[in-house]
Amino acid sequence: MPAAMPAVSPLIPPLTSVSRTPFLPRARRIAPTAVLLATLAGCSGPVTSTFPPECPHAGVLADAADLTRYRSAGAAGHDLTDMVLDGQITGVSGDCTRASRRELDVSVAVSMRLTRGPAARGPVGSVPFFVAVTQNGQVLDKQVYHITPDFAANSDTVRLTSDPVSLTLPISVEKTGSAYDLVVGFQLTPDEVALNRRRGPR
């Protein structure tokens, strides 16, 4: 994503608070706040510190941490035999480096576990996930990416890590990278979000 970030794209479930944790190999879920902003505010002022830049915090949106696809989308009364794909985001990792006195380059990767269900016939298709930048609970930008699982002939479960997602964030003397949060999750349909909310964390 370039420094001048485009408008927020749907669907990101509403956010309520952001869990502020450094980049960690394990996923941390964050509770759902209102999507208010779509562009980054500009920053000014030189960076005078010679210390390494502080990285953004990262977390997994609780309502978007799981993905379950069924053969008949939206139908009620699904059971295991109708399941095509089940997934869970298992980790977020990354790092950051100062690109200039006013810009911070950030790299983030998303790890997930995907399981092919009994109703799968052939390839299960690509799996969409998002990376969003937030500040003080406000969504500044969101981009959607896709990853395609390749299941071995003798296995229905695969663990994947996405290619690194690159971002450039504005920084200043007053605002380091730690002012931002990176929120990740599966890009879900309204029915899939509703299912996650009904069953709760897994």
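The values are calculated or read from the model by the stated rules, or taken from the named source; none is laboratory data. Since the structure is predicted, the reported quantities are computational estimates derived from the model, not experimental observations. Virtual Cβ from ideal backbone geometry, glycine too; neighbours counted across all protein chains shown.
Checked against (1) assigned to a loop (DSSP other than H, G, I, E, B); (2) among the small types (G, A, S); (3) surrounded by 16 or more Cβ atoms within 10 Å (Cβ to Cβ), G125 meets all criteria but (3).
Tell me which residues, restricted to segment 128-142, are closer than 21 Å to T68 by Cβ and surrounded by fewer than 17 Cβ atoms within 10 Å (Cβ to Cβ). Passing the criteria: only P128.
Counting only strands (runs of 3 or more DSSP E) wholly contained in segment 135-192, the ones carrying 2 or more residues that are in contact with a helix residue (DSSP H, G or I) (Cβ under 7 Å, 6 or more places away or on another chain) occupy 181-186. Screening segment 167-202 for residues that are within 11 Å of A64 (Cβ to Cβ) and not β-branched (V, I, T) and picking the one that is surrounded by the fewest Cβ atoms within 10 Å (Cβ to Cβ) gives R197.
Quick grid of which residues meet (1) at pLDDT 90 or above; (2) assigned to a loop (DSSP other than H, G, I, E, B); (3) of a type in the set (S, T, N, Q):
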| residue | (1), (2), (3) |
| --- | --- |
| M5 | no, yes, no |
| R26 | no, yes, no |
| V35 | no, yes, no |
| G45 | no, yes, no |
| C55 | yes, yes, no |
| A76 | no, yes, no |
| S93 | yes, no, yes |
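Which one is farthest from L167 (Cα to Cα), of the residues in segment 103-118 that are over 17 Å from the mean Cα position of the chain (by Cα) and crowded, with 18+ Cβ neighbours inside 10 Å?
Looking only at segment 103-118, we keep the residues that are over 17 Å from the mean Cα position of the chain (by Cα), and these are 103-105, 115-118.
Now narrow it down to the ones that are crowded, with 18+ Cβ neighbours inside 10 Å: 104, 115-117.
Details: L104: 8, T115: 30, R116: 32, G117: 34 Å.
Looking at the filtered set, the residue picked out is G117.
Would a scan of segment 74-90 turn up a residue that is of a type outside the set (A, V, I, L, M, F, W, C), touching a Ser or Thr at 6+ places or on another chain (Cβ under 6 Å) and under 16 Å from S178 (Cα atoms)? Within segment 74-90, not a single residue is of a type outside the set (A, V, I, L, M, F, W, C), touching a Ser or Thr at 6+ places or on another chain (Cβ under 6 Å) and under 16 Å from S178 (Cα atoms). For segment 109-133, the tally of residues that are more than 15 Å from F186 (Cβ to Cβ) and at pLDDT below 95 stands at 8.
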